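Heads up: the structure comes next, in C-alpha cells.
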Amino acid sequence: MAEDTGTLGRSAAVFKASMQWRRLKSHFFVVLGLLSVLLGVVALLVLLVDVIVQGSGWLDWQFFTSFDSRFPARAGIKAALFGTLYMMVFTMLLAVPIGVMTAIYLEEYAGDNWFTQFIQVNIANLAGVPSIVYGLLGLQVFVRIMEMGRSVLAGSCTMALLILPIIIVASREAIRAVPPSMREASFALGASKWETVRHHVLPYALPGMLTGAILAAARAIGETAPLITIGALTFVPFLPEHPLDRFTVLPIQIFNWVSRAQSEFHHLAAAGIIVLLVVLIILNSVAIYLRQRLRTRY
Amino acid sequence: MAEDVSPFSHYPPRNDMSSRASRRFKEEAIRYVLLATATLSIVTTLGILLSLTGETLFFFREVSLVEFLTETEWTPLFAIKKFGIWPLVTATALVAFIALAVAIPTGLLIAIYLSEFASTRVRDVVKPVLEVLAGVPTVVYGYFALTLVTPILQEFIPGMRIFNALSAGIVMGIMIIPMVASLSEDAIGAVPQALREGAYGLGATRFEVALQVVVPAALSGIVASAVLALSRAVGETMIVSIAAGQNPTFTLDPRVPIETMTAYIVQVSLGDTPFASLEYRTIFAVGIMLFFLTFAMNIFAHWFVRRFREEYD
C-alpha cells in the first residue's frame, strides 16, 4: 500500500514532518519570549517584595522626623526629605521655563537652517551624556567657578541642566500636537506670533508639557550620581534654610545607608527606598492621568 | 473714561503708530529671548567640554599620557601614585559586557515577542511593567544587587566576594532590558505590514516571519539599540559604586571587587578632596574619557540607523 502512493505521498510525509518541526520552533520561541517577559516581571516583583519585607518594619513616625544618626534606631530621613523637596522646587523653577521656551523657539520660531539643526542634534546628544558627567560640570562651574559651594542651589542648577533635554523633547511633542488650524484662526483674527503662541498654542499644549515636566521631575528625584559628584553632603543633621546651605537628598541618604556594613542600616535603606518609590509612583500616576485626559480631549 | 466700559477695551488700539512700533519691538524682543534659551543647550555642551578639558590639561601637565595609557595600576589615592587607566577601563568593559549579555537577548526577545506573537492583553500588562522597571532609580538597583543578588550568587559560585562585577552586571542588565526592548520594538514596529503578509502568503510560520523577515528588516534599529545600551552601561554609576567595589584591579575575573570609571569618580567625590589637587583632576581626566566614549557610541548609533535603514517606500 505504502509503495502505491508513490513520490507524491513520500514528499507529503516529508512536508508534514518538516511542518511539525517548523511549528515547534514557533512554539519554542513563544516560550522563550514568555520567559524573557517573566524575567522582567519577576525581577520587579522580587525587588518590591524584598524592599517591603526588609524596610516596612522601620517605617514609623520617628523615621520621618529624625535626622541621620550613627545609631540605626534613631536615624531618619527628615533632612533628605526636605533636601529633595527644596532641590526639586529650584530645579523645576529653572528647568521648566527654559525647557518650554526652548521648545517654543524650536517649534514656532526657528527657521529650517543649519543653526536649528545644530541645536537639535546638540539636544539629542545631551540626552545621552552620562549623568555623572553633568556632576563634573556642576562641580567645576557651579560649585567652584560661580562659588555656590556644595549647596542646594548648585545641586538644582546641575539637575536642571540634566533634565532639560527631557523637558524640551516632551514640550516640543506637546506643541506639535496642537493643530495648525488653531494658529491660522488666531492669525486670521489679527493676533501676532507671540499672542498666538501665548493664548492659543500654550494652553492646548499645557497638559502634554505638564506630563513631560512631571516625568522629568521623577527622573531628577531618583538621580544620585551627579549630586554625589558636586559633593552633596551625606551627613546633614540640619534642614537647609538658605539656597546656599549644604543639603542631602533621599537617594544619597539611601546610598549612604547601603554602603554601611551593619545590616540594620540596610533595613533603613530599604525603608528609604519604600518612601522614594511611593513618591515616584504618585508622580507617575499623575502623569498617566494627565496623559489619559489629554487623549480624551483630542 | 467712557472707553473703559467697552468690551474691547483690553485690546491694544491698533491704529496708533507708536503702539504698533512698540508691539513690533515686543515681538522681536520675545523672539530673541526664546533664541537665547535655545542657545543654552549649546552653552551646556561647551561648558561640559571646557570644564573637562581644562582640568584634564592640568592633569596631563603632571602625569604623562604614556603612563596614563600604558601603566596597568591605578593608585592615585595611595602614597605611591600610579596613573594607568586600564584597570578602570577593563572593569567598565567587564561590567558592561555582563550587562549586555543579560539585556540584549532578553530585551530583543521581549520586543519580538510583544510585537509579533503576544496578544493585546499580554502587551497591556507587560508594557507598564517595563515602564516601571525603567523608572526605578539606579540607587535602588544597587541595593538590589548588593543585598539580594550577591548573597544568592555566593551560594552557587565559589570564591564570589561581597563586591563583584557579576552581580552588578546582571542587575545593570535587568535595568537596561526596558531600554533595549522599547528601542527594538520601535524598529520592529517600523517594518511595513506588507512584508509580513508577503511572507505569510508564501507559507512561512510565525517564527520564520519574525526571524527571517522582520528582524533582518529592522536590524539597523536593533543594532543601534544595542549600541545605545552599551553607552548607557558604560555611563551607569550607582549600581557599580554600590555593588562592584572600589578596588581598581587589572582583571577580568567577575567574582572579585573592581572599580569602574564612574565608581572611581564617586569614590573621589565622597572624600573631601581639595580643589586643584592632582586627585581632584584625575576625576576630570576619567570623566573626559567617559564623555567621549559615550558620545562616540551615541553618534555611531544614530549614524548607523540613518546609513543602514531599509527603506520600503
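What to note about this one:
For every residue, the table says whether it meets (1) within 20 Å of the chain's Cα centre (by Cα); (2) acidic (Asp, Glu); (3) over 24 Å from A:Asn284 (Cβ atoms).
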residue: B:Leu94; (1), (2), (3): yes, no, yes
residue: B:Ile98; (1), (2), (3): yes, no, yes
residue: B:Val102; (1), (2), (3): yes, no, yes
residue: B:Pro105; (1), (2), (3): yes, no, yes
residue: B:Leu109; (1), (2), (3): no, no, yes
residue: B:Ile112; (1), (2), (3): no, no, yes
residue: B:Thr120; (1), (2), (3): no, no, no
residue: B:Leu133; (1), (2), (3): yes, no, no
residue: B:Val140; (1), (2), (3): yes, no, no
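For (1) of a type outside the set (A, V, I, L, M); (2) modelled with pLDDT of 95 or more; (3) assigned by TED's automatic domain parsing to the domain that holds A:Phe238; (4) within 19 Å of the chain's Cα centre (by Cα), each residue gets a yes or a no:
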position	(1), (2), (3), (4)
A:Ala95	no, yes, yes, yes
A:Asp112	yes, no, yes, no
A:Gly128	yes, no, yes, yes
A:Val133	no, yes, yes, yes
A:Leu139	no, no, yes, no
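- Taking segment B:189-255 as the region of interest, the helices (runs of 4 or more DSSP H) fully inside it that hold 1 or more residues being surrounded by fewer than 17 Cβ atoms within 10 Å (Cβ to Cβ) and not small (Gly, Ala, Ser) are B:193-201, B:219-235.
- Enumeration of residues in segment B:269-288 that are surrounded by 18 or more Cβ atoms within 10 Å (Cβ to Cβ) and of a type in the set (A, V, I, L, M, F, W, C): B:Ile283, B:Phe284, B:Ala285, B:Val286, B:Ile288
- Pair list, Cβ under 7 Å, 6 or more apart: segment B:165-179 residue under 16 Å from B:Val227 (Cα atoms), other residue aromatic (Phe, Trp, Tyr) and surrounded by 24 or more Cβ atoms within 10 Å (Cβ to Cβ): B:Met175/B:Tyr141
- Residue count, segment A:38-87 (criterion: surrounded by 15 or more Cβ atoms within 10 Å (Cβ to Cβ), in contact (Cβ under 8 Å) with a residue 24 or more places away in the chain and either under 28 Å from A:Ala160 (Cβ atoms) or of a type in the set (Ser, Thr, Tyr) (or both)): 12
- Qualifying positions in segment A:253-298 - in a helix (DSSP H, G or I) and among the charged types (D, E, K, R): A:Glu264, A:Arg291, A:Arg293, A:Arg295, A:Arg297
- Considering A:Leu106, A:Leu81, A:Leu39, A:Leu45, the condition of being closer than 21 Å to A:Glu173 by Cβ and either part of a helix (DSSP H, G or I) or assigned by TED's automatic domain parsing to the domain that holds A:Ser171 (or both) is satisfied by A:Leu106 alone.
- Looking across segment A:197-239 at every residue that is within 9 Å of chain B (Cβ to nearest Cβ) and of a type in the set (Val, Ile, Thr), the one that is nearest to A:Leu164 (Cα to Cα) is identified as A:Ile221.
The values are calculated or read from the model by the stated rules, or taken from the named source; none is laboratory data. Note that this is a predicted model, so its numbers are computed, not measured. Cβ: placed from backbone, ideal geometry, glycine included. Neighbour counts: every protein chain shown.
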